[in-house]
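First up is the structure itself, then whatever we jot down about it.
The values are calculated or read from the model by the stated rules, or taken from the named source; none is laboratory data. Just so we're clear, the structure is a prediction, and the values are computed from it rather than from any experiment. As a convention, Cβ positions derive from the backbone with ideal geometry for all residues, glycine included, and neighbour counts pool all protein chains shown. The area values use the complete protein model at the heavy-atom level, side chains included, leaving out ligands, DNA and RNA. Shrake-Rupley method; radii C 1.70, N 1.55, O 1.52, S 1.80 Å.
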Amino acid sequence: MSTIGESSNPLSRFMSDESNAINASSGPERSHVGEVVESSTTELVAEARQLHGAPSFGQFVRVDSEVPIVGIVFNVFTHSIEPNRRPTAYGKTEDELRLEQPQIFELLRTEFQALVIGYLDEMGPVQILPPQPARIHSFVHVCSEDQIRAFTHTDDYMRCILNTVKVPTDELLIAALRQTMRAHGGDRAYLVRMGKELSRLLGDDYDRLSSIVRRAAY
Amino acid sequence: MAKRENGTGVYKSLRGQEIGVITRGSLVEGLEMKLDARQNIEDMKAGKFVVIEGDKNDFFSMVTDMRLDANNQEVLLHPPRQEDELLRQVLSGTSTYNIVSLRPMLMMPKGADGDEGPRPVKAIPSHFSQVQDAMEEDVAKIFGREGDEQGKYFSIGSPLDMDTPVCIDMVRFAERSNGIFGKTGTGKSFLTRLALCGLIHFDKAVNLIFDMHNEYGFKAMKETGQSNSTFVKGLKQLFGERVAIFSLDPQSTRARGVQPDHEVYISYDQVTVDDVATLQDELKLNPTAVESAYLVYAIYKDRWLRTLLAQEGPDVEEFAKEIGAHPGSLVALHRKLKRLENFPFMVQKGHEDGDVVDRIMEYLDRGINVVLEFGQQTSMLCYLLVANIISRRIHEMYVKKSERFYSTQKPEDQPRQLMITIEEAHKFLNPSAAKQTIFGTIAREMRKYYVSLLVVDQRPSGIDDEVLSQIGTRITALLNDEKDIQAVLTGVSGTDGLRSVLASLDSKQQALVIGHAVPMPVVIKTREYGAQFYRDMGCLDDVPPAERRAQVEKKTNALYGDN
Ligand SMILES: Nc1ncnc2c1ncn2[C@@H]1O[C@H](COP(=O)(O)OP(=O)(O)O)[C@@H](O)[C@H]1O
Ligand SMILES: [Mg+2]
């Protein structure tokens, strides 16, 4: 977190006000939702700040680093931090368990994986993989609607998703489209435009196209 | 039209919205445009006037056909359901798209002015050239603007879906024979009246109009779609002194509220054998009957018809023997020609008013247009007979005048260009008649003798090919019959597209204009023949007095200066 807090930072227009403010004060309530624990050029793993507190599937996230990196969450999982201690079933509600056995929650962590789709530079969103991956321990924020809009103005994010083999492509596309739709104020024309791009990207696959479009609009 | 750099290095067209891009095509077969997904295919009407913006040229083109297409059979097998509006929107322009066929008609170098005007198409635009709606300026650049100094351009309508006037070049129009075609009720008579108004208003030709249905002189019916019909003004009402009404049926003319300038009588001695020969079809005469008419003529000359008709039934055979004609044929000829005696305008001797043809000629010489009304005499036989007799003699006079002009070469001897309007033209100009009637001769000899034709017909396929190919400008309303369409397009190159355009015109007030008087074929919505038009033609009858005074003042000022 070297340059981000400075007010002269050219990237500040891509940071939500609240995150700037928090970075400046470095107070106890931080706005980040996770912290990078594994990082590569194409994807990253972050630990959620709170148990079960990961951003949703398909959400756009931004990693604070020298060049802020943008990704889409494509997997969320919660597991035990002790390799040999698998959680076992207790037959109680979560509230009862929190009262009786609070320590077991201490041993659980929520993590999420994000697909890197680009980064932000002085000029605005760049739909290219960043030159360097995110640094471990960088904070991860949920993108503001402005950022999502800027990033999804073109169809490149869909191409990124389609080009990845590891993710549930169609589901992720649908979730991402629904996110962006919201950021674009539910503008149907936008969905139509993206649908057309998608039709081009999918080539001849009419069946897949119609299924994605239908579910994204649901 | 030039492009303007908009500061970002991107060149932007100055025309309106792009309607598509060129994707394929050839010079011979025309071009194909992929319609922009935002455009509705239903707005692309056949005959629409569009501009393709190439790199170096603008190509002025006509929409000739359109097609729905899909890049994927799957889509067609499982079309989106009716309620799946979104998917249909997504597919439109991507998987399913529309192809519009364009026929470039003219090209013009970009940024060209005046002298580098439109030229015939010898190139095609490159891939993905933008296609745009034509603008007012484009239309004016190609077709000219009414109100030019020479009074050359006369607006006869506007392109489909546009309000800009399309003009025809009246000088070129008057130079050659012209045709107005279309099914019954498509607006032929209205178009003809418009064209005549143009010729008279801009004084480009003097007209002789054989007005079979009394629609051109004084008041004509206008169908309104309801039971009550209204009337529109005739040429006499619009141009007053410059138009004279001749009538074969003065009673009927008077009944319509106007005193004919001249009543028409035709004496038997004015009828030549050739005139009768042109009635062969109508009278169902066989060639030997015509032969025997020549025999009668050989002996009695001008009085041949009078003499023949003077014979009573039984005497005709005797008469035939006397002159050495075949009795059967002469009896048939006699019987059939007896029909002429039923025409009230046929008289024994020349009328005291003098010869009607001389009268007409006098008027024409003074630049006064002649409308010859037939009144109740609406039989084809009558129309053919009268039009032939009169036109033949007028033509003779014009030939003499022209010859004189050619020998003296004095400008004052130059005859006024004459245009003769005939309806049901196929009756005069069918392959057999065209060889005999004077009209065939006029059509073929072109402008040599300063006479040309304006033929009005609903069955152009009945007209002789050779005559058709001499027709300079063709104004064609809707035609359905394949043969008729073919006939109208005789001698026009690149007609494939025009065929579909012709067949898809509206059933009223739309026409395709091709030929000598327009630089490129164009589909028009015919100019409204009504109050505004009357005013444009300088007829102020219906204008409120105050406004009329103002207009007259304006004109006087223009003539004599303000003070
Ligand atoms: N230019 C026009 N202006 C006004 N009305 C027109 C015009 N052209 C056609 N119409 C309408 O169409 C009807 C038929 O036209 P008309 O010229 O009589 O057809 P046609 O001579 O081909 O049988 C007219 O009565 C009139 O109502
Ligand atoms: Mg008519």
> If B:S247 satisfies every condition in (1) open to solvent by 20 Å² or more (accessible area, probe 1.4 Å); (2) away from ligand 2 (no atom under 15 Å from the Cβ) but one, which is the exception?
Replying inline: (1)
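Kindly indicate which of B:D161, B:D211, B:D169 is within 15 Å of the chain's Cα centre (by Cα), more than 9 Å from ligand 1 (Cβ to nearest atom) and open to solvent by 10 Å² or more (accessible area, probe 1.4 Å). Steps first, please.
Numbers: B:D161 fails: within 15 Å of the chain's Cα centre (by Cα); B:D211 fails: open to solvent by 10 Å² or more (accessible area, probe 1.4 Å).
It is B:D169.
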> Would you pick out the residues in the range A:178-187 that are modelled with pLDDT of 90 or more and over 14 Å from A:A150 (Cα atoms)?
Replying inline: A:R178
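When you go through B:R88, B:R81 one by one, which is the residue that is outside any strand (DSSP E or B), touching a Pro at 6+ places or on another chain (Cβ under 6 Å) and among the basic types (K, R)? Break it down into steps so the answer makes sense when it comes.
On the way: B:R81 fails: touching a Pro at 6+ places or on another chain (Cβ under 6 Å).
Residue meeting the stated conditions: B:R88.
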> In the range B:183-221, which residue that is of a type in the set (D, E, K, R) and touching a residue at least 40 places away in the same chain (Cβ under 8 Å) is nearest to ligand 2 (Cβ to nearest atom)?
Replying inline: B:K188
> Consider A:R149 against the criteria (1) part of a helix (DSSP H, G or I); (2) more than 18 Å from A:A175 (Cβ to Cβ): it satisfies all of them except one. Which criterion is unmet?
Replying inline: (2)
> Looking at the range B:43-61, which of the residues that are touching an Asp or Glu at 6+ places or on another chain (Cβ under 8 Å) and open to solvent by 30 Å² or more (accessible area, probe 1.4 Å) is farthest from the other protein chains (Cβ to nearest Cβ)?
Replying inline: B:K45
> Which residues, counting only those in the range B:485-531, are charged (D, E, K, R), modelled with pLDDT of 90 or more and either within 15 Å of the chain's Cα centre (by Cα) or more than 13 Å from ligand 1 (Cβ to nearest atom) (or both)?
Replying inline: B:K525, B:R527
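May I ask you to verify whether B:P109 is farther than 28 Å from A:L202 by Cα and either more than 14 Å from chain A (Cβ to nearest Cβ) or not small (G, A, S) (or both)? Spell out how you get there, then give the answer.
Working: farther than 28 Å from A:L202 by Cα: yes; either more than 14 Å from chain A (Cβ to nearest Cβ) or not small (G, A, S) (or both): yes.
Criteria met by B:P109.
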> Has the range A:164-172 got at least one residue that is within 14 Å of chain B (Cβ to nearest Cβ), open to solvent by 50 Å² or more (accessible area, probe 1.4 Å) and not β-branched (V, I, T)?
Replying inline: no
> How do the pairs read when you match residues in the range B:62-79 that are at the interface with chain A (Cβ under 10 Å from one of its Cβ atoms) and open to solvent by less than 80 Å² (accessible area, probe 1.4 Å) with residues anywhere that are in a strand (DSSP E or B) and not small (G, A, S), using Cβ under 7 Å and keeping only pairs 6 or more apart or on different chains?
Replying inline: B:A70/B:T96; B:V75/B:T96
> Can you tell me which residues in the range A:192-213 are facing another protein chain (nearest Cβ under 7 Å) and either aromatic (F, W, Y) or surrounded by 17 or more Cβ atoms within 10 Å (Cβ to Cβ) (or both)?
Replying inline: A:V192, A:G195, A:K196, A:S199, A:Y206, A:S210, A:V213
> Of the residues B:S101, B:S126, which is assigned to a strand (DSSP E or B) and either open to solvent by less than 50 Å² (accessible area, probe 1.4 Å) or touching a residue at least 24 places away in the same chain (Cβ under 8 Å) (or both)?
Replying inline: B:S101
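Does A:A217 meet the test of being open to solvent by 40 Å² or more (accessible area, probe 1.4 Å), in contact with a Gly (Cβ under 9 Å, 6 or more places away or on another chain) and within 11 Å of chain B (Cβ to nearest Cβ)? Even if it seems obvious, please write down each step before you answer.
Details: open to solvent by 40 Å² or more (accessible area, probe 1.4 Å): yes; in contact with a Gly (Cβ under 9 Å, 6 or more places away or on another chain): yes; within 11 Å of chain B (Cβ to nearest Cβ): yes.
For A:A217, the condition - open to solvent by 40 Å² or more (accessible area, probe 1.4 Å), in contact with a Gly (Cβ under 9 Å, 6 or more places away or on another chain) and within 11 Å of chain B (Cβ to nearest Cβ) - is met.
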> Say we look at the range A:133-151 and pick out the residues that are in contact with a Lys or Arg (Cβ under 8 Å, 6 or more places away or on another chain) and open to solvent by 50 Å² or more (accessible area, probe 1.4 Å); which of these is modelled with the highest pLDDT?
Replying inline: A:V142
